[in-house]
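Student: Here's a structure for you.
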Amino acid sequence: MFHTMVAWLLEMIGTLGYPGIFLLMAVESSIIPFPSEVVMPPAGYLIFQGKMNPCLVVLAGGLGSLAGAYANYYGALCLGRPLLLQYGRFVGLAELKLEKAEHFFRKHGEISTFIGRLLPVIRQLISVPAGLARMNHARFAFYTALGASLWCAVLAWIGYLIGDNQQLIMQMSRQALVWVLLSSLVLVVIYIRRQRRSGSKA
């Protein structure tokens, strides 16, 4: 079944081109569960075949991810807070906790958004607190596009190297995710240390 899906994706991306990548990654970046691991590697395989440009593939993937992220951002901005204030008490989310979460994201939104775009599941959800905290649009767009484009580039590179061997693609995607997690952990540690140094100087 997975092989059939990838074959369909190859055909779809080959037919629709970069708009197809944009559309699929927009879906993947929204609340609809659609893994990027089955979108970008086929595009990388088409790069290997000389049918697509690597820069445009990553650009289309990054912009599509940004479009999907903004759907979640505006959903949380327009509907999220009223719903949470009304029903949050049923799941232990009082207004005070919501305000603390919003304060945290206002202070650390950039690093949270960037790293969140690199992690599975979280990449679909990270736009929600950004919308709730009314994160600056320029910063939200920049860090979302940066993290999403980096992940798209990694997956496209895997597809370029491996081709259409789906078993190896999933294996290498998992290995890449491990390295991404380790790199994110290092980045968080560096960020915390810099924050502490800035606080001590202040």
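Every number in this text was worked out from the coordinates using simple rules, so none of it is lab data. Since the model is a prediction, treat every value here as computed from it, not as a measurement. Methodologically, a virtual Cβ is constructed for each residue, glycine included, from the backbone with ideal geometry; neighbour enumeration extends over all protein chains shown.
Student: For a quick check: with amide H placed at 1.01 Å from N, whose amide H comes under 5 Å from M52's, ignoring anything fewer than 5 positions away on the same chain?
Tutor: I47
Student: Within a 10 angstrom radius of the beta carbon, how do L150, L24 rank from fewest other beta carbons to most?
Tutor: On the way: L150 16, L24 25.
Fewest to most other Cβ atoms nearby, the residues stand as L150, L24.
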